[in-house]
Amino acid sequence: LFSVVDNGVGIPQEKQAIIFDSFTQADSSTTRKFGGTGLGLAISKQLVTLMGGKLSVTSQEGVGSRFTFSVQVGLYAGAIEDGVLDAELALLTSSGAQVLLVEDNPVNQKLALHLLERKGYSVSVASDGQEAVDKVMEHGFDLILMDIEMPILGGLAATQLIRTLPNGGEVPIIALTAHSENSNQKTFKEAGLNGFVTKPINPEALYFEISQLLGKK
């Protein structure tokens, strides 16, 4: 059992049930004052859940908050599914596929990097679309994971530029997005994206999408 305690502004009782939802913060002014996307607690809850645990909060306005979580260190329920995925991807990962991860958010970047490296991929990281284009100009990749909303150059524009490059015409590109509505999916396809994975990233969904695209090469 683990706990993280702070002495910040606290969380109102009526907001405590929703703060673990994506893009939700206890106070919308928090984003303006301190930054953040509202994904931190959603990602934390997902990670704890994947480890077979639970995440909860107790808080008092003006006093602070205590976040408590438990994890199971034994065999977890997803181990069987992971074993199946490992078998399906064994041939692909044994060759050390070169993957370019394009993500500006440090938390999302770290999570995606961990999920890719645990499957044996060789990963290069770009923090914005322009950096991604520059890396593809330098050498080719077997797969690109592309965040859609980024500073300097967004994911859609970066994908369109990559498609014009000698190294980028055929490489599978997967969108990392919080918006997977049908209208957006059409836009993704028109920009040259081959698939998408929603945020917060679900490991099984990510691995499935990768296996579908790399398996066709």
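Looking across the range 48-81, the residues that are surrounded by 14 or more Cβ atoms within 10 Å (Cβ to Cβ) and modelled with pLDDT under 55 come down to Y76, G78. Scanning the range 105-123 for residues that are of a type in the set (F, W, Y) and either at pLDDT below 95 or part of a helix (DSSP H, G or I) (or both) turns up at least one hit. Can you pull out the residues in the range 138-181 that are over 17 Å from the mean Cα position of the chain (by Cα), part of a loop (DSSP other than H, G, I, E, B) and of a type in the set (G, A, S)? Result: G140, G168, G169.
When the range 110-137 is filtered for residues that are without any contact (Cβ under 8 Å) to a residue 24 or more places away in the chain and under 14 Å from L161 (Cα atoms), only D134 remains.
Screening N202 against (1) touching a strand residue (DSSP E or B) at 6+ places or on another chain (Cβ under 8 Å); (2) closer than 29 Å to L41 by Cα leaves a single unmet condition, (1). When the range 34-47 is limited to residues that are within 14 Å of D21 (Cα to Cα) and in a helix (DSSP H, G or I), the one that is modelled with the lowest pLDDT turns out to be G40. Considering only the range 176-185, I want to know if a residue exists there that is touching a residue at least 60 places away in the same chain (Cβ under 8 Å), of a type in the set (D, E, K, R) and either crowded, with 18+ Cβ neighbours inside 10 Å or within 22 Å of I43 (Cβ to Cβ) (or both). There is no residue in the range 176-185 that is touching a residue at least 60 places away in the same chain (Cβ under 8 Å), of a type in the set (D, E, K, R) and either crowded, with 18+ Cβ neighbours inside 10 Å or within 22 Å of I43 (Cβ to Cβ) (or both).
Per this entry, N184 is counted among residues that are outside the structural domain of T49 (by TED's automatic domain parsing) and not in a loop (DSSP other than H, G, I, E, B).
Just one of the numbered conditions (1) out of contact with any His (no Cβ under 8 Å at 6 or more places or on another chain); (2) among the polar types (S, T, N, Q); (3) under 22 Å from V133 (Cβ atoms) is not true of N202: (3).
The values are calculated or read from the model by the stated rules, or taken from the named source; none is laboratory data. Because the structure is a prediction, the values reported are computed rather than measured. Reconstructed Cβ throughout: ideal geometry from the backbone, glycine too, with neighbour counts over all protein chains shown.
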